[in-house]
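Since the structure comes first, as structure tokens, the remarks are kept for the end.
The values are calculated or read from the model by the stated rules, or taken from the named source; none is laboratory data. Just so it is clear, the model here is predicted, and its values are computed rather than measured. Ideal geometry is used to build each Cβ from the backbone, glycine not excepted, and the neighbour counts take in all protein chains shown. Side chains are part of the model used for accessible areas, which takes the heavy atoms of the whole protein and leaves out ligands, DNA and RNA. Shrake-Rupley method; radii C 1.70, N 1.55, O 1.52, S 1.80 Å.
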Amino acid sequence: MKNVLVTGGAGFIGSNFIHYLQRTEPDVFIVNLDALTYAANPDNLCDLLDPNRYMFIAGSICDSELVDSIFFKYSIEVVVHFAAESHVDRSIHSPGQFVQTNIVGTFALLEAARQAWLVHRTVPPERARFHHVSTDEVYGSLGPGDAPFSEMTPYAPNSPYAASKASSDHLVRAYYHTYGLPVTITNCSNNYGPFQFPEKLIPLMILNALSGRSLPIYGDGKQIRDWLYVEDHCEAIWRVIERGRPGETYNIGGNNQPTNIQIVKEVCALLDALAADSGHAPHDKLCRSVADRPGHDRRYAMDISKICKDLGWVPKESLCSGLQKTVRWYLNHPNWVEKIADRPEYRSWLQKNYHTREAK
Ligand code: NAD
Ligand code: TYD
């Protein structure tokens, strides 16, 4: 058995990754360390394929004593580090928690790995890997004619979220160069798919549209993101862990760049077709332009030629097929949706982020 520590595995991408590993890697035992913040949802993991190859630990990556003990107790060979505060809008309201989790937490995890693998040699060095999951947002914002972000693009983070992720990327890189810790980093574009917390664009629009609430488009809605179906991201991460070179960074993306308004219209069209009886079709009549996000990045686009060429990974889903799967998933999981939508914390976030925006 290969013992893999997944951090943040009760969140969106982490839980998809755990399902992916259980399906594809019969010889992996997963330890999931998650602090169960507002973004976590234990329901995401209630129907695991093989619960005998899985263990959950409630705790923070910032708790060095706990993290140290996990490395020794479970002879961790691979770390897949997802745990983070991940929402740009929340980082604008409360940046402190982003510094704590994303920077200090990553530091605690790196130190624990260094102690266990390089000082105490808990596992053979050639079997160890620290994989850090990061974002395209560290590269800043592109103009209309700019080339897509490559692994050589200088960092220029614009939001507190992006700055905290950039900072953690630098720490991970430094642990490779200074100590020889076997690390890899992936910088990925916007994910969407099952289990995504409905504070992010796509699930927020699905839930709002189904309940007849307005669909808040920040600014002119012409901002551009590169969208990737979450399962493609999971496959790319595991590919990098298995075949990527220690010390390397790989960009991951979906090879598409629609505007936000195009994404929202596409979601509405899918709902018109698949949930015609919601009582709110045509759903795009609910679109509203609201006050823009401060410092809103205009355009992201990823050059994914390195991972394609070196590791043979390409996304399997197109934007069209991925969006269709996603909308169907939310429609087929009304209990999951209802439980999240009823959380007081979620309702207060909607109030906090949208009330003043919509008034402008
Ligand atoms: P998420 O917000 O859905 O989940 C984050 C998880 O981390 C939650 O389960 C939360 O409880 C946990 N967590 C938070 N603080 C913790 C702590 N101190 N200790 C342990 N666990 C903690 O995030 P996500 O969208 O799944 O993103 C996962 C990772 O992927 C993040 O590092 C994010 O920066 C990166 N990423 C996300 C996207 C995207 O589009 N969602 C794109 C590129 C990269
Ligand atoms: P989001 O899902 O928050 O991801 P990120 O900020 O990490 O890219 O937002 C995606 C895009 O959608 C971004 O340009 C902001 C925009 N957006 C809206 O227009 N309205 C919303 O209510 C939200 C949450 C996002």
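Note that segment 149-192 presents 39 Å² accessible area per residue, ligands and nucleic acids not counted, probe 1.4 Å. Given their separation in residues at 0.36 nm each and the Cα-Cα distance between them, Glu111 and Ala156 gain 13.6 nm when the chain is fully extended.
When the chain is treated as a Gaussian network with alpha carbon springs shorter than 10 Å, the biggest mean-square fluctuation among Trp349, Trp313, Trp227 belongs to Trp349.
Take the solvent-accessible surface of the protein heavy atoms, probe 1.4 Å, and return the percent of it on segment 104-187 that carbon and sulfur atoms account for. Accessible surface attributable to carbon and sulfur in segment 104-187 totals 56 percent.
Using every Cα-Cα pair within segment 19-112, state what percent have a distance larger than 24 Å. Cα-Cα pairs in segment 19-112 separated by more than 24 Å: 28 percent.
Computed over neighbours whose Cβ is under 15 Å from that of Ile241, the net charge equals -2, Lys and Arg +1, Asp and Glu -1. Straight-line reach from Lys265: taking Cα to Cα under 17 Å and skipping same-chain neighbours fewer than 8 places apart, the lysines in range are Lys200, Lys222, Lys285, Lys325.
Roughly speaking, what is the centre-to-centre gap between segment 58-88 and segment 306-345 when only Cα atoms are used, to the nearest Å? Between the Cα centres of segment 58-88 and segment 306-345 lies a distance of 25 Å. Of the solvent-accessible surface of segment 48-97, computed with a 1.4 Å probe and all protein chains present, 53% belongs to carbon and sulfur. For segment 226-334, the solvent-accessible area works out to 44 Å² per residue, with a probe of 1.4 Å and every protein chain left in place. When nucleic acids and ligands are ignored and a 1.4 Å probe is applied, Phe107 ends up with an accessible area of around 100 Å². If I fit a long axis through the Cα atoms of helix 319-332 and take the longest principal axis of the Cα atoms of the chain, what angle between them do I get, 0 to 90°, rounded to 10? Once rounded, the angle reads 80 degrees. Taking 0.36 nm per residue of sequence separation and removing the Cα-Cα distance, the Asp220/Glu345 pair yields an extension gain of 42.2 nm.
Evaluate Rg over Rh across the chain, taking Cα atoms for both radii and Kirkwood's formula for Rh.
Rounded to two decimals, Rg/Rh equals 0.95.
For Thr122, what residues show an amide H to amide H distance below 5 Å, using hydrogens built from the backbone and excluding near sequence neighbours? For Thr122, the qualifying residues are Trp117.
Residue-wise HN-Hα couplings along segment 198-208, as the Karplus relation 6.51 cos²θ - 1.76 cosθ + 1.60 with θ = phi - 60° gives them from phi, are x, 9, 8, 3, 5, x, 4, 5, 4, 5, 4 Hz; Gly and Pro carry x.
Placing a label point 7 Å from the Cα of Leu274 along the Cα-to-Cβ direction, the residues of segment 1-40 whose backbone N falls under 18 Å from that point are 16.
On segment 230-269, 35 percent of the accessible area sits on carbon and sulfur atoms, based on a 1.4 Å probe. Using the Karplus relation 6.51 cos²θ - 1.76 cosθ + 1.60 with θ = phi - 60°, the per-residue 3J(HN,Hα) values for segment 226-241 come to 10, 9, 10, 5, 4, 5, 5, 5, 4, 5, 5, 4, 5, 4, 5, 5 Hz, with x marking Gly and Pro.
How much length, in nm to one decimal, is gained on full extension between Cys320 and His120, taken as 0.36 nm per residue of separation minus their Cα-Cα distance?
Length difference between fully extended and current span is 67.1 nm.
Simple spin-label estimate for Ala174 and Asp63 gives 2.6 nm between the two label positions (7 Å along the Cα-to-Cβ direction from each Cα).
Computed with a 1.4 Å probe over protein heavy atoms only, the accessible surface of segment 1-63 comes to 38 Å² per residue. What the Cβ-Cβ distance of Ala291 and Gln262 gives, at R0 = 22 Å and to the nearest 0.05, is a FRET efficiency of 0.60.
Rounded to the nearest whole Hz, the Karplus-based 3J(HN,Hα) values (6.51 cos²θ - 1.76 cosθ + 1.60, θ = phi - 60°) of segment 22-34 follow the sequence 5, 6, 9, 10, x, 9, 10, 9, 9, 10, 9, 9, 9, with x at glycine and proline. Straight-distance candidates among the aspartates and glutamates for linking to Lys352, with alpha-carbon spacing under 13 Å and chain neighbours fewer than 8 residues away dropped: Asp89, Glu199.
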